[in-house]
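The values are calculated or read from the model by the stated rules, or taken from the named source; none is laboratory data. Bear in mind that the values here come from a model prediction, so they are computed numbers and not experimental data. When we count neighbours, we look across all protein chains shown, and the Cβ atoms used for this are built from the backbone with ideal geometry, even at glycine. Side chains included, ligands, DNA and RNA excluded: accessible areas come from the protein's heavy atoms. Shrake-Rupley method; radii C 1.70, N 1.55, O 1.52, S 1.80 Å.
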Amino acid sequence: MQGRGRLPRLAFLSQCHRSLYASLSVNKNRLAAISNITSISHHNLPTYHFQICSFRVSAYRMSTPPPPTQLLFHHDASLATHTTTLLTITPFSSLPAPDQSLFKSPPTNAFVLTFPSTIFHPQGGGQPSDEGHITLTYPPSVAFSVISARHSITNPSQVLHLGFFAPSVPPPDERPLFTPGDQITQTINANLRNYHSRLHTAGHVLGSAVRHLLESQIEDFDELKASHFPDSAACEFRGLIDSKWKEPIQEKVNEFLAAKMPVEVEWWDEEDFRREGLERLIPRGKDGEVVKPENTDGGRWRVVRIVGAEVYPCGGTHVERTDLCGEVRVRKVGRGKGCSRVGYGVVPGLEG
């Protein structure tokens, strides 16, 4: 083993250990398991090296997917602060490419954080992302500003929180100021959340109003999808809706708002949809197969019921009664390719 071009036995083992640790960040138990192989001679060194390589492969295979993020707003949308534990903090540049594609124009030195639970609503279902900030719980630290939350593409049950540390206190050497395992406090922008909730509930009120007025008037009528973004809020329907219906739709919307209809969250399985005569609302993919819900208790779908009007499978946030939407204005009715799009908006400034 002392011949030219060969490492001494112990040096070779040490180099293997260092290489393995650097490539895998394995824990002490795994290294100890390898170190237990003490009897070795020159003719079986290649075998030992093969065993290390095999261990490296199996270690990657043994890695488990990250735990799903519990969506606390599904159960209590009034939560504005929440204390939890930091699972991971990753520089944006180190994210897998599919996850990087979720975020447009991330700030310099952006990081992505994950947690076992969150009060941040990730963009999706037609609703924009929450914004807010995150601090260490004890002691309170400089804030990490969250500017966007999205469901991961590589791990769909996990929520990614994109943001940056306060510019006045840049991370030293671009290293994060938080460490996995830290207890942190999440705080959302409650005014922005309420605005988004008003828009989302108003979209369901509009959809209910159009269905009540036109379901029997338009052949093959159905509500297709909706956007609840402030600058592009609209509901789309199958069938052509004449512009003459704009005022009746506005009147029906006003009626539903004035009725102060409760907005309730329920959890349904397939049988619940069938029992309510709403099998058409069971979420399905493009292939027609039922799409099972993720990040939910008991594998059931979350549905939002506007009592006296309509039921929607929905993962978004809402106000508690229809009148809390404030003034809702029906805008342009557009038509094309057998479908119609009814725009709407809510009057901002009611967030206090």
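Annotation note: Cβ proximity below 7 Å between a residue of segment 287-305 that is at pLDDT below 85 and a residue that is among the hydroxyl-bearing types (S, T, Y) and assigned to a loop (DSSP other than H, G, I, E, B) (sequence gap 6+ or interchain) occurs for E294/S157; N295/T69; N295/S157.
Within the bounds of segment 90-104, is there any residue that is in a loop (DSSP other than H, G, I, E, B), under 22 Å from L136 (Cα atoms) and either open to solvent by less than 60 Å² (accessible area, probe 1.4 Å) or of a type in the set (D, E, K, R) (or both)? No; the residues of segment 90-104 include none that is in a loop (DSSP other than H, G, I, E, B), under 22 Å from L136 (Cα atoms) and either open to solvent by less than 60 Å² (accessible area, probe 1.4 Å) or of a type in the set (D, E, K, R) (or both).
Screening segment 123-146 for residues that are more than 16 Å from T185 (Cα to Cα) and in contact (Cβ under 8 Å) with a residue 40 or more places away in the chain and picking the one that is most open to solvent (accessible area, probe 1.4 Å) gives G125. If only residues of segment 227-238 that are at pLDDT below 95 and not charged (D, E, K, R) are counted, the one that is nearest to the chain's Cα centre (by Cα) is P230.
Going through (1) touching a Ser or Thr at 6+ places or on another chain (Cβ under 7 Å); (2) open to solvent by less than 40 Å² (accessible area, probe 1.4 Å) one by one, I188 falls short only on (1).
Every condition in (1) closer than 29 Å to G203 by Cα; (2) open to solvent by less than 70 Å² (accessible area, probe 1.4 Å); (3) modelled with pLDDT of 95 or more is met by P156 except one, and the failing one is (3).
Filtered by the rule that a residue be of a type in the set (D, E, K, R) and in contact (Cβ under 8 Å) with a residue 40 or more places away in the chain, segment 97-122 gives a lone residue, D99. For segment 296-319, the set of residues classified as within 22 Å of G124 (Cβ to Cβ) and in a loop (DSSP other than H, G, I, E, B) consists of T296, R300, C314, G315, G316, T317, H318, V319, listed by residue number.
Residue-by-condition table, conditions (1) under 26 Å from A190 (Cα atoms); (2) without any contact (Cβ under 8 Å) to a residue 12 or more places away in the chain:
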residue	(1), (2)
Q250	no, no
V265	yes, no
R274	no, yes
G285	no, yes
C314	yes, no
D323	yes, no
V328	yes, no
S340	no, no
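For segment 242-265, does any single residue satisfy the condition of being touching a Phe, Trp or Tyr at 6+ places or on another chain (Cβ under 6 Å) and modelled with pLDDT of 90 or more? Within segment 242-265, not a single residue is touching a Phe, Trp or Tyr at 6+ places or on another chain (Cβ under 6 Å) and modelled with pLDDT of 90 or more.
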